[in-house]
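Undergrad: Got a structure here, written out as structure tokens. Questions coming.
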Number of protein chains: 6
Amino acid sequence: MTNVVVQHIERADPAVIKGLGECGVATVHEAQGRKGLLAAYMRPIYSGAQLSASAVTISAPPGDNWMIHVAVEQVTTGDALVLAPTSPCQDGYFGELLATSLMARGCEGLIIEAGVRDVRDLTQMGFPVWSKTICAQGTVKETLGSVNVPVICAGALVNPGDIIVADDDGVCVVRREEAQSVLEKARERVAAEKEKRRRLSDGELGLDMYKMRDRLAAKGLKYV
Amino acid sequence: MTNVVVQHIERADPAVIKGLGECGVATVHEAQGRKGLLAAYMRPIYSGAQLSASAVTISAPPGDNWMIHVAVEQVTTGDALVLAPTSPCQDGYFGELLATSLMARGCEGLIIEAGVRDVRDLTQMGFPVWSKTICAQGTVKETLGSVNVPVICAGALVNPGDIIVADDDGVCVVRREEAQSVLEKARERVAAEKEKRRRLSDGELGLDMYKMRDRLAAKGLKYV
Amino acid sequence: MTNVVVQHIERADPAVIKGLGECGVATVHEAQGRKGLLAAYMRPIYSGAQLSASAVTISAPPGDNWMIHVAVEQVTTGDALVLAPTSPCQDGYFGELLATSLMARGCEGLIIEAGVRDVRDLTQMGFPVWSKTICAQGTVKETLGSVNVPVICAGALVNPGDIIVADDDGVCVVRREEAQSVLEKARERVAAEKEKRRRLSDGELGLDMYKMRDRLAAKGLKYV
Amino acid sequence: MTNVVVQHIERADPAVIKGLGECGVATVHEAQGRKGLLAAYMRPIYSGAQLSASAVTISAPPGDNWMIHVAVEQVTTGDALVLAPTSPCQDGYFGELLATSLMARGCEGLIIEAGVRDVRDLTQMGFPVWSKTICAQGTVKETLGSVNVPVICAGALVNPGDIIVADDDGVCVVRREEAQSVLEKARERVAAEKEKRRRLSDGELGLDMYKMRDRLAAKGLKYV
Amino acid sequence: MTNVVVQHIERADPAVIKGLGECGVATVHEAQGRKGLLAAYMRPIYSGAQLSASAVTISAPPGDNWMIHVAVEQVTTGDALVLAPTSPCQDGYFGELLATSLMARGCEGLIIEAGVRDVRDLTQMGFPVWSKTICAQGTVKETLGSVNVPVICAGALVNPGDIIVADDDGVCVVRREEAQSVLEKARERVAAEKEKRRRLSDGELGLDMYKMRDRLAAKGLKYV
Amino acid sequence: MTNVVVQHIERADPAVIKGLGECGVATVHEAQGRKGLLAAYMRPIYSGAQLSASAVTISAPPGDNWMIHVAVEQVTTGDALVLAPTSPCQDGYFGELLATSLMARGCEGLIIEAGVRDVRDLTQMGFPVWSKTICAQGTVKETLGSVNVPVICAGALVNPGDIIVADDDGVCVVRREEAQSVLEKARERVAAEKEKRRRLSDGELGLDMYKMRDRLAAKGLKYV
């Protein structure tokens, strides 16, 4: 197995990335046909964290964060790191010093299917992290991995340059090639939901608004 | 299996429901002989959430939230929805639009042994939810379930019209028929604890206040 | 098996205990050679909780909190309780009345590999607890355990009088005999990190600061 | 809370119980409308274990098996014990001595949402157990529970006298009042499946046998 | 989202597939650079199960096995089904009737990141299944999925036509394009291990055979 | 942290070790006052596995099995390896080649709070392993650990030279210094159980044999 660092990756239009973030995870996930959601155990380290960024990916051995140091150099403004361990691990790969380094390079946050530490500092710095666990256990720097290769993180395939959208509902990945069209569909949903929200808020029932009654009866639902 | 919506259910006295909520989950659970507690994995989506309400129950297939739309029509002021999937599922059955609709009908909150999404919006709306997980994954509307039938939710039997008490400690169900007597016992506990709290706060030991020393010695505890 | 309460234990210098707390869990854990960390499922009941204290240990049967009442008498200012059940249990061994009693004796907090309840009250009282779960289920007082004996709590050995350091990153135990030297090493780390933070914040890469490039190349990392 | 032993319970017809066992868990579960299945973590201690019996239920405190001794006296030929702890526990409530006693009384097996031990002996004795875990940790005899009251075991309501069917697929409970009709439906399924099995074995496709092609097309499935 | 059935897929050389199976999961996984392993919770329903086959993939909704019926038609001799649910689910998607149908078409087995039932029958039929759980809970046929599209199953990307190797150690996927070269490397490993096994069996130490002593000393290992 | 290999350890009398194994895990655990049991997730890779041996301990980094190779040299006839990772890991640290080497040195088996692979081969060789998981994922040889230092394995403290007893019920550790007295108590239990077994087999009730009726009545149990 060759370990590589891919130095040149394509990134999506920053305006598209920003737009996806404004729509939020649940809407973006729906807009792209319910694909790309990371496992629900990926949780933000503080409430209200929000992220939309271009992925710089890391494939790392268990308990070894060497490749994060390598990845920092590949980060530019508007990127987020996405780390997938090659086997399950909950060690704290990441803390406040690495966040300081990443913020200096314009990094927007971290998605890590493993552990993170210094969460109080990270919260105060406003550096958002979605992780599988919080754990003070440190890591070593002995074994290589790769940077900017496709990884499977928490059950979802993430390519370098894909767009990561994350908030309190979890984390979703959007293919770079599909970002523009997903954004358009997501904005249509946002617009459509506005009208629905008004009608539901006025007391109209979803049963009527969505015209569900006939289909429910046809399926055999009995009111008793 | 017939799928039904039971339209008329008995509800407890609103003053009793309110009173139980003031006592809190831990006290109510004790007062009724330590029964009715839902599994500890049922957690509020925000700290400080509190609920006491009359249950409108939903039995729903995995990954299908159609019956929530049906249940909305059965909700009246002071009710809470209680959803149990027919097999384990963590999909996000519920979000901000359904909450908007429920709030318009006076619904107090949701207990769901599955997933919920739009948690940032729900938090801002002040619509409390206790769920098994937070997950942006949506659901379909293809398969029937039932509304206002007895369900087992997170290990506890909930009948329609039972009282749900929920707070940061979890969720407890009180039988409608027992609500008045449970409230009385709960209030007795609250009153008794006030005096105990004062004495403990003054430095008296529980060993003395509860007269435990003789029984500990009789069981064989050795001080060395 | 004899159940005992050890009444006289050695405690570390309060200034050392305080100093370890200022360094935080992640730093202390590193400073003592990455040992003594409790399992990552031990989480604080509220964000920002911090603790550094001398351990009073409890070995308790599942679902039985009698020994906590016994342990209260052994607590003095600057202590924290550390409870390990003799088999896995998530019952709520501990609540607001016990916390009231402990605060009256100067207790700093609780580490419990089981459940806790009244978390809203405990949060308002500012009594920090790190627990495996939050659960309203109460316990009985029927079976003896021991106080101030060595226990294994969440995978770590804790002796009475050992120092417990806990924060948002988790819980770490420091041997009493090693506390002074661990503190010295921890403070060295804090000092060293200050300079590293400044350099990273100025945009210097860890790859350069830690002189990693040659070793990465020697291991075979390819830049493409 | 009063602790009781209900001494006289109704039992179903032994021929019906036997018949349900012959149909197996998956078929019985389908035949009664997909209800009554215990959680999938309930596993047999040996492959090939099979059980159909009348339930004698036990509600027991965590880590306390006293009520099993009480329940033994209530067992008669053709019964199985069903134990639900009042809070989650994995201790080994049950071993070879209790099994010896139960076999002497004609007991068919045990369903326990907790731990069991002496599994090698139990396997050699042919005493089937479905449990949540295998664990050598013993229990005490200090706290009362109840025998032959309704319990919720692994997420399913079990009344004394209900029929328990268990095999390699898990555990299902059938209401005593419904046992006869469930058996009839189960036998219809077995008969219907025989013909389906023959046709499928001959190479006929389910798509054709179940006439699914039109509905798939109507839903929009594309063959490419 | 469009639901499709891809009818024509490329398959690897049957001799290569067979050869990979003879090497076993652990060896194949090593030979291809430690990639392609499915999560360790994928376990065979019986000990000694072995599989090497060409993947026919299924993306299926939670609790809905309609697409398995669709996939059967796409199976030919030497194939195995690989099912990934679109959200986590443990329902029993698969049982003895579907296995009968698949065996009639020459199918070698099933990999399913969900539940399976009728395991006693499947064991007797010798139809191997690796699943996340065993569960009698049935599924519906209401919602479409897709057949022969890339899926992520238990954390690994599986393309239609990739080779699946499975045994008691778990499940590994090999890219079709790499199958020949992986087989060659795997056979080299098997050959090399034969000689190592002989030497170790004769009492030679790995420390000497792998010449580890100098490197251990250089890293600082102390013998005391 | 210094990494060491302790070359000379004390071992218990082989006859005592053998005797403990004959009593089995559940009995030994009871005989020593219910201490020393490893967590219930430690399971044998095949049914019927049995072990009683002297512990050679390994503290190993996550995903790194180098120290097993080091430990092999320290093994003598009648020893078992006990491996505890320094943070949770499920990688397959151990397989058939290492087992071949260990068998050549008279090693009795392995206890590993991590993963194992080649389980089919290990089963055929009759080399018993109790592990947390089965996983084909291999490990590296980059980072030092220690051999024959005290470790906490699956929640239990194990010193080098302690006695490990393991069977289908799990794994228990006995302090070397206490082995003789534990064996005596275990044998007393075995003898006492023989008579109890006979009486229970003859139909005598535990309620009578253990004289429980008065105490049950005194605690308030009601027969109805």
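Coordinate-derived values only; no laboratory data. Predicted model only: the values in this text are computed from it and were never measured. Methodologically, a virtual Cβ is constructed for each residue, glycine included, from the backbone with ideal geometry; neighbour enumeration extends over all protein chains shown.
Undergrad: Work out how much length residue B:222 to residue B:190 would gain on full extension: take 0.36 nm times their residue separation and subtract the Cα-Cα distance, in nm to one decimal.
TA: This chain segment gains 8.1 nm when fully extended.
Undergrad: Can you sort D:130, C:66 so the residue with the fewest Cβ neighbours within 10 Å comes first?
TA: Going from least to most buried by this count: C:66, D:130.
Undergrad: Let me ask something else. Which whole number gives the average, over all residues in F:129-139, of C-beta atoms from other chains lying within 10 Å of the residue C-beta?
TA: 6
Undergrad: Using a cut-off of 13 Å between beta-carbons, work out the net charge of the residues near residue C:133 (Lys and Arg +1, Asp and Glu -1, residue C:133 not included).
TA: Its environment carries a net charge of 0.
Undergrad: Using the 7 Å Cα-to-Cβ label point, sort the distances from residue F:187 to its equivalents in the other copies shortest first and give them in nm to one decimal.
TA: Ordered by distance, the counterparts are at 5.8, 5.9, 5.9, 6.7, 8.5 nm.
Undergrad: As a test of the definition: which semi-axes, in Å, follow for the protein assembly as shown when you take the square root of five times each eigenvalue of its alpha carbon gyration tensor? Largest first, please.
TA: 41, 41, 36
Undergrad: I would also like to ask the following. 7 Å along Cα→Cβ for the label point: how many nanometres lie between residue A:22 and each equivalent label in the other copies, listed shortest first?
TA: 4.8, 4.8, 6.2, 7.0, 8.1
Undergrad: Taking every DSSP beta bridge with both residues inside segment F:38-157, roughly what % is antiparallel (nearest 5)?
TA: 25
Undergrad: How would you order F:169-177, B:121-129 from highest to lowest mean count of nearby Cβ atoms within 10 Å?
TA: F:169-177, B:121-129
Undergrad: Further, regarding this structure: Which of D:142, D:184, D:96 moves most in a GNM of chain D, Cα contacts under 10 Å?
TA: Its mean-square fluctuation being the largest, the pick is D:142.
Undergrad: Would you tell me which residue of chain D has the beta carbon closest to the rotation axis bringing chain D onto chain F, and how many whole Å away it is?
TA: Checking which Cβ lies nearest the axis yields D:47, 5.
Undergrad: Output the Kirkwood hydrodynamic radius of segment C:66-183, Cα pairs only, in Å rounded to one decimal.
TA: 14.6
Undergrad: If I fit a long axis through the Cα atoms of helix D:14-23 and take the longest principal axis of the Cα atoms of chain D, what angle between them do I get, 0 to 90°, rounded to 10?
TA: It is inclined by approximately 50 degrees.
Undergrad: If Lys and Arg each add +1 and Asp and Glu each add -1, what is the summed charge of the other residues whose beta carbon sits under 12 Å from the beta carbon of residue B:65?
TA: -1
Undergrad: Now, a different point. If you build the convex hull over the alpha carbons only and average its shadow over all orientations, what do you get for chain A? Give it in nm² to one decimal.
TA: 15.5
Undergrad: Related question: For chain F, give me the percentage of DSSP beta bridges that are antiparallel, rounded to the nearest 5 percent.
TA: 45
Undergrad: Would you pull out the residues with amide H under 5 Å of residue D:153's amide H, same chain only if 5 or more places away, H placed 1.01 Å from N?
TA: Sorted by chain and number, the residues that satisfy this are D:158.
Undergrad: On to the next question. Which one, D:199, D:189, D:117, has the greatest fluctuation when you compute a Gaussian network model over chain D with C-alpha springs under 10 angstrom?
TA: Fluctuation is largest for D:199.
Undergrad: Of all beta bridges DSSP finds with both residues in the protein assembly as shown, what is the antiparallel percent, to the nearest 5?
TA: That works out to approximately 45 percent antiparallel.
Undergrad: For the pairs B:141/D:219; C:219/E:194; A:132/E:35, note any where the Cα-Cα span goes beyond 18 Å.
TA: Table pairs above 18 Å Cα-Cα are C:219/E:194; A:132/E:35.
Undergrad: Quantify how strongly other chains surround peptide C:161-168 by giving the mean number of their Cβ atoms within 10 Å of each of its Cβ atoms.
TA: Counting Cβ atoms of other protein chains within 10 Å of each residue's Cβ and averaging gives 2.
Undergrad: Grab the beta carbon distance between residue C:201 and residue A:7, set R0 = 22 Å, and tell me the FRET efficiency rounded to 0.05.
TA: E between residue C:201 and residue A:7, to the nearest 0.05, is 0.35.
Undergrad: If I build a Gaussian network model for chain D, linking alpha-carbon pairs within less than 10 angstrom, which residue out of D:207, D:37, D:183 has the largest mean-square fluctuation?
TA: D:207
Undergrad: Tell me the mean residue ellipticity at 222 nm calculated for chain C from its helices only (DSSP H runs of n ≥ 4, each -39500 (n - 2.57), averaged over every residue, nearest 500).
TA: Rounded to the nearest 500, the figure is -9500 deg cm²/dmol.
Undergrad: How high is the FRET efficiency from residue C:208 to residue C:41, r the C-beta distance, R0 41 Å, rounded to 0.05?
TA: Approximately 0.60, to the nearest 0.05.
Undergrad: Rounded to the nearest 20 debye, what is the charge dipole size of chain D about its Cα centre when +1 sits on each Lys and Arg Cβ and -1 on each Asp and Glu Cβ?
TA: Computed about the Cα centre, the dipole is about 940 debye.
Undergrad: Can you sort C:198, F:120 from fewest to most other Cβ atoms within 10 Å of each residue's own Cβ?
TA: C:198, F:120
Undergrad: Going by C-beta contacts inside 10 Å, put E:68, E:9, C:164 in order with the fewest on the left.
TA: Starting with the residue having the fewest Cβ neighbours, the order is E:9, E:68, C:164.
Undergrad: Same structure again: Between copies, how close do the residue E:48 label points come, placed 7 Å along Cα→Cβ, listed in nm from shortest?
TA: Distances to the matching label points in the other copies: 1.1, 1.1, 6.2, 6.3, 6.3 nm.
Undergrad: Evaluate peptide E:50-60: per residue, the Cβ atoms of other protein chains within 10 Å of its Cβ; return the mean as an integer.
TA: The mean count of partner-chain Cβ atoms within 10 Å per residue comes to 0.
Undergrad: Work out how far the C-alpha atoms of segment D:28-96 reach from end to end along every principal axis, then list the three figures in whole Å, largest first.
TA: Sorted largest first, the three principal extents are 36, 28, 24 Å.
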